[in-house]
Amino acid sequence: MEYAIEIENLTKKFGNFTAVNNVSFNVKKGEIFVFLGPNGSGKTTVIRMLIGLLTPTSGLGRVLDFDIVKNPEQIRLNIGYMSQKFSLYDELTVEENLDFYAGVYLVPKDVLQQRKREILEMADLVGRENSITATLSGGWKQRLALGCAIIHNPKLVFLDEPTGGVDPVARRQFWDLIYRLSENGVTVMVTTHYMDEAEHCNTIGFIHYGNLLAVDTPENLKKNQMKGQIIEIKCDKLMESLELLKTVDFVKDAAVYGQGLHIVVDDAKRYLVTLADILKSGGVKVANIKHVNPSLEDVFVFLVENESRKQFIREMM
């Protein structure tokens, strides 16, 4: 079996609302697969179907070669799952939470003490075994939640928005743990809306309002998905400049990027001077203008805009 996860035409509807629309992709064993999209895009719904908490309206799916409709119990016993909200018991100690989840996952008693030691070391919680979970910082709670999810040593782990609401240092430390899991052969599927978290993963799936826009490596997405080149502009009157450039015929797309603008054109070299002149004639002071390689954010914005145009055309027909 080459893939840990296989999905074909997976769809979930709630009444007239389509939360996930005809999604298909595979996740290779041992890779870190990131499901990237804004809140409400369908990421969590896909995960809940994969682990048997929701029944698909249509489509097929297999997790660790178990059918997601026919074998949900087998799936849940063989995977780790960390939900968006910390699923820890605040009134229990660190060790009591580990013991509880070990019981849920049927961890044999003869290996439990060893697994707890490994988890405590991984999460940097050695010496805090008797601490009440409610007293832990967000970063420590996060690492403990991951430890509870992998106490039974699963080969596949689902992490649903695991770094939401924690500081940048805690995010970085948590991702170090994810990389360590992958190095040990664990397949990891992560949902996030942070572009920087997806940058160093094996495969990214872009999802937007239930539609899967693209699936590929970060480098291939930046290399193959953009239909045009990026010009980065640093200037004053940012929003006025954006509205002005959106009216220019050769500008395919324009968006705010950090403290500047990213402009999509067919030929960056050809239009650099022209764009600077247009802004200056509009009373804008241009500090810097240059051709840059696309970022993941550029790719995502481009794909979303392209999907919106397609949807508009479909609705007009």
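The values are calculated or read from the model by the stated rules, or taken from the named source; none is laboratory data. None of the values given here were measured: they were computed from a predicted structure. Here the Cβ positions follow ideal geometry from the backbone for every residue, glycine too, while neighbour counts run over all protein chains shown.
Observations
- Residue within segment 152-169 that is in a helix (DSSP H, G or I), buried (at least 19 other Cβ atoms within 10 Å of the Cβ), in the same structural domain as Lys13 (by TED's automatic domain parsing) and modelled with pLDDT under 90 present: no
Let's see how each residue does on (1) touching a Cys at 6+ places or on another chain (Cβ under 6 Å); (2) within 22 Å of Glu161 (Cβ to Cβ); (3) outside the structural domain of Leu156 (by TED's automatic domain parsing):
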{"residue": "Ala19", "(1), (2), (3)": "no, yes, no"}
{"residue": "Ile32", "(1), (2), (3)": "yes, yes, no"}
{"residue": "Ile47", "(1), (2), (3)": "no, yes, no"}
{"residue": "Leu54", "(1), (2), (3)": "no, yes, no"}
{"residue": "Val69", "(1), (2), (3)": "no, no, no"}
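- Enumeration of residues in segment 120-151 that are farther than 16 Å from Val166 by Cβ, aliphatic (A, V, I, L, M), touching a residue at least 12 places away in the same chain (Cβ under 8 Å) and not in a helix (DSSP H, G or I): Ile132, Ile150, Ile151
- Flag for Phe25 being modelled with pLDDT under 95, part of a strand (DSSP E or B), closer than 21 Å to Asp216 by Cα and under 19 Å from the mean Cα position of the chain (by Cα): no
- Hey, Glu96 at pLDDT 95 or above and over 17 Å from Met189 (Cβ atoms) or not: yes
- Filter result for the condition that a residue is over 28 Å from Glu73 (Cα atoms) and not aromatic (Phe, Trp, Tyr), over Ala134, Ala102, Ala145, Ala149: Ala134
- Meets criteria (in the same structural domain as Glu307 (by TED's automatic domain parsing) and either within 30 Å of Glu183 (Cβ to Cβ) or out of contact with any strand residue (DSSP E or B) (no Cβ under 8 Å at 6 or more places or on another chain) (or both)) for Asp249: yes
Per-residue answers, yes or no, for (1) under 16 Å from the mean Cα position of the chain (by Cα); (2) surrounded by 14 or more Cβ atoms within 10 Å (Cβ to Cβ):
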position	(1), (2)
Ala4	no, yes
Asn16	no, no
Val20	yes, yes
Val46	yes, yes
Leu54	no, yes
Leu60	no, yes
Leu64	no, yes
Glu73	no, no
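- Segment 28-39, subset charged (D, E, K, R) and not in a strand (DSSP E or B), residue farthest from the chain's Cα centre (by Cα): Lys29
- Matching residues in segment 49-97 - criterion: being out of contact with any helix residue (DSSP H, G or I) (no Cβ under 9 Å at 6 or more places or on another chain), part of a helix (DSSP H, G or I) and within 16 Å of Phe25 (Cβ to Cβ): Met49
- Just so you know, in segment 106-146 the residues that are under 22 Å from Phe158 (Cα atoms) and charged (D, E, K, R) include one that is surrounded by the most Cβ atoms within 10 Å (Cβ to Cβ), and it is Arg143.
- All positions within segment 67-93 that are closer than 14 Å to Ile47 by Cβ and at pLDDT below 90: Ser83, Gln84, Lys85, Ser87
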